[in-house]
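Just below is one structure, and these are the notes that go with it.
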Amino acid sequence: MTAAPVEIAGACQRDRAGIRRWARNPSAAAGGALVGLIVAVALVSLVWTPYPPLAVDPSHSLAGPSWSHPLGTDQYGRDVLSRLMAGSRVSLYAGVVSVLVATVAGVPAGLLAAQWGGVPAQVVLRLSDVLYAFPALLAAIVLSAALGSSTTTAMLAIGIAFVPVLVRVTRSNALVVLGSDYVLAARAYGRRPLAILRRHVLPNIATTLIAQMSLLFSLAILAEAGLDYLGLGTTPPTASWGDMIQTAQNYLSQDPLLSVWPGTAIFLAVLGFSLLGEGTAELRNARLGRSA
Amino acid sequence: MTLLSVRDLCVSTAGGLRLVDGVSFEVQKGERVGLIGESGSGKSLTALAIVGLLGEGLRATGQVLFENEDLLAVSERRRCQLRGNALSMVFQEPMTALNPTMRVGKQVGEALRVHRGLSRRAAARAAVELLARVELPHPERCAVMYPHELSGGQRQRAMMAIAISCDPLLVVADEPTTALDVTVQRRVLELLDRLVAEEGCALLLITHDLAVVSEMCDRVVTMYGGRVVEVGPVERMVSSPAHPYTEALLATSLAVSIDAPSDGALPTIAGNVPAAGQFPSGCAFRDRCPRRAPACEETPLLAGDATHKVACWRPITEPVGSPAR
């Protein structure tokens with residue numbers, strides 16, 4: 001068949017063009033660079049940090065930036081740069097777990113609510129309302145009390161709190177797609193409802209979902225930092241950005257920079273994921289010939 | 001042999017409003033039937049009811065016998081088996097009837113994957129062949145494009161490729177060219193004509209253009225106000241329609257052709273199609289009809305011989321052109 005080589009060559013061309021378009025979109029390029037940097041740092045920290053992030057050195061406590069400790073040390077003399085690098089793992093883990101939990105539960109629920117309509121949809125939506133009305137912080141406290149305080153517990157709570165958001169976004173967007181002519185056409189050539197959800201609805205709401213998920217990812221990083229700050233998430237001495245800010249608070253007058261470093265890291269991570277989500281959505285729309 | 005037999009089909013809203021009211025007609029194996037009428041006469045709803053794709057809140061009653069199987073009575077699962085397979089449909093709006101996130105070739109191969117269980121690869125190959133059959137230029141290249149990269153006419157060709165992919169017995173085409181440029185309408189219709197001939201399948205062509213029907217169809221069903229007002233062979237319907245509504249439709253479509261005598265003004269049908277539920281009692285066309293009479297206050301029934309039937313109290317008996325009365 002002569003079609004195959006053409007197809008493959010075409011696909012390769014499109015991939016290269018895709019990378020170029022990616023680089024030219026400011027949001028996608030900046031977001032991709034920031035996220036790439038954070039992921040790279042997290043990976044590097046697995047095998048190398050300037051000092052072990054838990055190594056205590058009382059003789060160098062609260063030392064400002066120097067050649068041996070570029071970002072200084074904390075009250076126990078631990079290297080801030082090393083802890084910042086190790087902390088990126090916690091933040092990424094937090095984002096992945098909570099968004100995964102929210103997606104796995106929220107997207108199918110939203111899709112099915114849109115497909116079924118009627119009473120089953122109302123049940124799904126009211127359940128998600130109840131979840132939405134339940135304070136996330138309280139959920140985190142309850143879960144920590146029940147399961148013990150850890151990053152995973154905190155992120156489970158955050159993920160559950162995100163579920164209603166994804167249910168609603170998924171359902172409202174899926175409803176629009178389900179009313180479209182191409183879904184009618186798909187039914188006309190014999191596709192069954194679940195296959196229509198998977199092949200026609202999901203790809204068409206993906207743009208919105210990706211944007212929403214990246215926003216949630218950045219919110220999760222913030223929330224994880226917040227829960228750490230309250231002592232509900234990652235337990236010391238494990239390095240996490242939220243915990244670093246919390247301890248830095250006690251030494252604000254002696255060493256204000258100590259809180260600036262993790263704060264900046266959180267800021268960059270949140271910005272990176274938001275931009276990446278926005279850029280991805282823009283590029284996908286452009287590829288499919290849609291405006292905005 | 002009768003392929004499709006629609007008997008006393010009614011489509012009503014949840015509020016009990018009858019949008020299609022007692023429609024009956026038949027389509028023989030390999031026959032081409034034109035279903036004509038203005039917007040709002042219920043022809044698209046009739047088509048959707050036949051394929052079982054009525055919107056939410058609409059209910060169909062009566063019988064739709066397709067190969068002696070009542071499509072209104074069978075399970076949704078069974079209907080899914082038939083749709084796109086023995087019974088396929090071409091829609092009015094090619095711009096929106098293709099999934100914008102799915103490459104054209106993949107989409108054209110969908111019906112084959114559903115009904116023939118083809119692998120992704122085999123469906124992709126078959127799709128390229130189908131795209132070639134519907135005369136898309138560079139079918140291999142079109143197959144890997146997204147719908148927005150094709151023109152309206154090309155997209156409608158792709159839709160037709162889907163419709164014929166599983167060797168249907170009946171293709172229901174709901175105003176397949178209405179949304180297209182006038183310049184490509186003709187070529188798309190020629191393609192539909194050729195495909196139906198090649199497949200040897202029956203065609204139910206829904207349109208408001210009698211000129212199109214006269215070229216493509218064997219028989220014509222005229223609908224107005226959700227009812228069938230006239231049925232007959234195409235020659236008869238075009239040369240001497242009996243129902244004033246068919247005649248009026250004929251006058252409007254003939255006037256568009258260049259060689260028609262023109263006195264400057266295009267003929268129109270007086271008045272508008274009333275909103276559903278606001279048709280007058282008795283003959284629905286009564287208020288707009290030039291031949292109305294007191295008798296028209298009662299609903300006329302479809303009557304006539306085996307081939308030609310009309311629902312009118314004062315049918316036209318003279319051929320078109322001779323002075324009325």
Does residue A:184 count as of a type in the set (A, V, I, L, M), surrounded by fewer than 23 Cβ atoms within 10 Å (Cβ to Cβ) and within 12 Å of chain B (Cβ to nearest Cβ)? yes
Residue A:272 versus (1) in contact with a Ser or Thr (Cβ under 6 Å, 6 or more places away or on another chain); (2) buried (at least 19 other Cβ atoms within 10 Å of the Cβ); (3) not aromatic (Phe, Trp, Tyr): which is the lone unmet condition? (1)
Here are some residues: B:197, B:179, B:173, B:163. Which one is modelled with pLDDT of 90 or more, more than 30 Å from residue B:313 (Cα to Cα) and in contact with a helix residue (DSSP H, G or I) (Cβ under 7 Å, 6 or more places away or on another chain)? B:173
Residue under question is residue B:30, and the condition is that it be closer than 30 Å to residue B:278 by Cα and modelled with pLDDT of 90 or more; does it hold? no
Qualifying residues in the stretch A:200-230 (those that are buried (at least 20 other Cβ atoms within 10 Å of the Cβ) and within 8 Å of another protein chain (Cβ to nearest Cβ)) - the one farthest from residue B:167 (Cα to Cα): A:204
Top-ranked residue in the stretch A:240-256 [being assigned to a helix (DSSP H, G or I) and of a type outside the set (A, V, I, L, M); ranked as surrounded by the most Cβ atoms within 10 Å (Cβ to Cβ)]: A:241
Candidates A:171, A:126, A:192, filtered to the one that is buried (at least 23 other Cβ atoms within 10 Å of the Cβ) and either within 14 Å of another protein chain (Cβ to nearest Cβ) or of a type outside the set (Ser, Thr, Tyr) (or both): A:171
For the stretch B:292-315, which residues satisfy the criterion of being in contact with a Pro (Cβ under 7 Å, 6 or more places away or on another chain) and either at pLDDT below 85 or among the polar types (S, T, N, Q) (or both)? B:307
Restricting attention to the stretch B:1-23, and to residues there that are surrounded by fewer than 17 Cβ atoms within 10 Å (Cβ to Cβ), at negative phi and of a type in the set (Gly, Ala, Ser), which single residue is farthest from the chain's Cα centre (by Cα)? B:15
For residue A:158, are the conditions met, namely being assigned to a helix (DSSP H, G or I), within 21 Å of the chain's Cα centre (by Cα) and at the interface with chain B (Cβ under 10 Å from one of its Cβ atoms)? no
Selection from the stretch B:42-86 of residues that are in contact with a Leu (Cβ under 8 Å, 6 or more places away or on another chain), surrounded by fewer than 20 Cβ atoms within 10 Å (Cβ to Cβ) and closer than 22 Å to residue B:108 by Cα: B:53, B:79, B:86
Condition first: facing another protein chain (nearest Cβ under 9 Å) and in a helix (DSSP H, G or I). Now tell me which residues in the stretch B:71-99 satisfy that. B:76, B:77, B:79, B:80, B:81, B:82
Suppose we filter B:110, B:149 for residues that are within 11 Å of another protein chain (Cβ to nearest Cβ) and crowded, with 24+ Cβ neighbours inside 10 Å; which single one remains? B:110
Answer yes if at least one residue in the stretch B:153-170 is more than 14 Å from chain A (Cβ to nearest Cβ) and either within 30 Å of residue B:283 (Cα to Cα) or without any contact (Cβ under 8 Å) to a residue 12 or more places away in the chain (or both), and no otherwise. no
Could you tell me which residue of the stretch B:176-190 is nearest to the other protein chains (Cβ to nearest Cβ), considering only residues that are buried (at least 21 other Cβ atoms within 10 Å of the Cβ) and within 27 Å of residue B:3 (Cβ to Cβ)? B:176
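Residue-wise test of (1) in contact with a helix residue (DSSP H, G or I) (Cβ under 6 Å, 6 or more places away or on another chain); (2) part of a helix (DSSP H, G or I); (3) under 30 Å from residue A:141 (Cβ atoms); (4) touching a residue at least 60 places away in the same chain (Cβ under 8 Å).
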{"residue": "A:176", "(1), (2), (3), (4)": "no, yes, no, no"}
{"residue": "A:208", "(1), (2), (3), (4)": "yes, yes, no, yes"}
{"residue": "A:216", "(1), (2), (3), (4)": "yes, yes, yes, yes"}
{"residue": "A:232", "(1), (2), (3), (4)": "yes, no, yes, yes"}
Listed by range, helices (runs of 4 or more DSSP H) wholly within the stretch A:69-148 having at least 2 residues that are of a type in the set (Lys, Arg) are A:80-116
Condition check: touching a Leu at 6+ places or on another chain (Cβ under 9 Å), without any contact (Cβ under 8 Å) to a residue 40 or more places away in the chain and among the aliphatic types (A, V, I, L, M). Does residue A:252 satisfy that? yes
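The values are calculated or read from the model by the stated rules, or taken from the named source; none is laboratory data. Everything quoted here is computed from the prediction, not taken from an experiment. Every residue, glycine among them, receives a Cβ derived from its backbone with ideal geometry; neighbour counts consider all protein chains shown.
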